[in-house]
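The values are calculated or read from the model by the stated rules, or taken from the named source; none is laboratory data. The shown structure was predicted, so the numbers you read here are calculated from the model rather than taken from an experiment. With ideal geometry, Cβ positions are generated from the backbone for all residues, glycine too; neighbour counts draw on all protein chains shown. Ligands, DNA and RNA are stripped out before the accessible areas are found, and what is left, the full protein with its side chains, is counted by its heavy atoms. Shrake-Rupley method; radii C 1.70, N 1.55, O 1.52, S 1.80 Å.
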Amino acid sequence: MAPSLSPIRSHHVAVIGAGAAGLVAARELRREGHSVVVFERQKQVGGTWIYTDHIEPDPLSVDPTRSVVHSSVYGSLRTNLPRECMGYRDYPFVVRSGVSESRDPRRFPSHSEVLAYLQDFAKEFAIEEMVRFETAVLKVAPAVESEGIGKWRVESTKNEKTVLRDEIYDAVVVCNGHYIEPRLAEIPGISSWPGKEMHSHNYRIPEPFRDQVVVLIGNSASADDISRDIARVAKEVHVACRSNEADTFIKRPGYSNLWMHSMIESVHEDGSVVFQNGKTIMVDVIMHCTEYKYHFPFLETNGNVTVDDNRVGPLYKDVFPPAFAPWLSFIGIPWKVVPFPMFELQSKWIAGVLSGRIPLPSKEDMIMEIKTLYATLEAQGIAKRYTHQMGISQFEYNNWLASQCGCSETEEWRKEMYLTTGVRKRTHPETYRDEWDDHHLVSQAYQDFSLYA
């Protein structure tokens, strides 16, 4: 496609959320010359990385009237990627000199260190001046079209007051994260089971589980972390996982009270849980560590953007819905990725497309590409809910974004570090955060970082 020859245009853009995606989106949009307002319902930047002791009154987080807690971070959480790999490309996640002693210098640091890094980033690039804090977005909907530009109406309220702000923006970038609305496993017999059921969204510390028998469902990073965390105080911990073979029954090495099972077959009113492997156990608590749903309660698109079995669509390259491109976009939809550098590239692409510097294909061509993707996934037997799962394919995706933006491709060390860490996590789940052997990759990373110092 021939490059766009139209002059660079500046637009008024609303960004929903001031977490890791919203912060870099705001920076890139402003760098490109757009005027930006970031809407953030919390008192500070950081999004899902803001730890709070608060949990929701509904332990399963299914009651639509509940007061929602916008964090799923638990007390012991450390990153499962090394810091060199995690950071934005031009603002490395290094141990900064002259910062307070409360910082965590470890290679796989705690959640508080990630939050501090995001706060540093916001300060370094003066992003907070664009943010409206304690402001909830109630509605985002198409407004009138003007000269081919689809305007957007954004309704918001500050401090949950009744005073509504009703504004018009040229474009909206959705960065509201996807770690708030839990997915739950379906368990035969659960309605008459008498024990406590909860989602890991409402897990913070192990102490409430002292001397209890706990079953966790899922094979996510959180299931892995939380099962070990709870095993220190619980009587027994059992992890049920759909991807395990039906006869799986394995005691975790190094633990006397932690077992891996196949999935739960059924639960009963006497408090028992029966696994597909034939084992029956009396259980106090079932915790769903079963990930989250994409959730955009504020977004009104007249059916043009839907969430169907956790597929957000249709989206061109996981970012632009063709019906509204480029005036509505999403950052951070892909999962099983190194998030921050991907957010950065998605943000650069959106900013350049909005200004007219980077061309998009026609609406028809975008729809055709999406249909081809969906057909390919279906032919491979991949369920809709895995549409946005990337893993190794993220690097090809990032390199495509980089080529659109005129940036350099993902550094080889970053890719290698991600893959090496994945292997060590599987082979040494207890120690991979504190023992490693990719020192040559760390040196390469720091050589690159010196360019940004």
How many of the residues in the stretch 279-300 are farther than 18 Å from Gly17 by Cβ and not basic (Lys, Arg)? 12
Do we have Lys384 as open to solvent by 20 Å² or more (accessible area, probe 1.4 Å), in contact (Cβ under 8 Å) with a residue 40 or more places away in the chain, in contact with a strand residue (DSSP E or B) (Cβ under 6 Å, 6 or more places away or on another chain) and of a type in the set (D, E, K, R) here? yes
Counting only residues that are open to solvent by 60 Å² or more (accessible area, probe 1.4 Å) and at pLDDT 95 or above, which one in the stretch 279-292 is nearest to Gly195 (Cα to Cα)? Asp284
In the stretch 409-424, is there at least one residue being of a type outside the set (Ser, Thr, Tyr), part of a loop (DSSP other than H, G, I, E, B) and modelled with pLDDT of 95 or more? yes
Looking at (1) out of contact with any His (no Cβ under 7 Å at 6 or more places or on another chain); (2) modelled with pLDDT of 95 or more; (3) in a strand (DSSP E or B), which is the only condition Arg165 fails? (2)
Can you find a residue that is surrounded by fewer than 21 Cβ atoms within 10 Å (Cβ to Cβ), among the charged types (D, E, K, R) and assigned to a strand (DSSP E or B) anywhere in the stretch 348-364? no
Right, Arg433: in a loop (DSSP other than H, G, I, E, B), at pLDDT 95 or above, among the basic types (Lys, Arg) and over 22 Å from the mean Cα position of the chain (by Cα) or not? no
Residue hits (the stretch 79-95; in contact with a Lys or Arg (Cβ under 8 Å, 6 or more places away or on another chain) and surrounded by fewer than 18 Cβ atoms within 10 Å (Cβ to Cβ)) are Asn80, Val94, Val95
Regarding the stretch 229-241, can at least one residue be identified that is open to solvent by 20 Å² or more (accessible area, probe 1.4 Å), touching a residue at least 24 places away in the same chain (Cβ under 8 Å) and within 27 Å of the chain's Cα centre (by Cα)? no
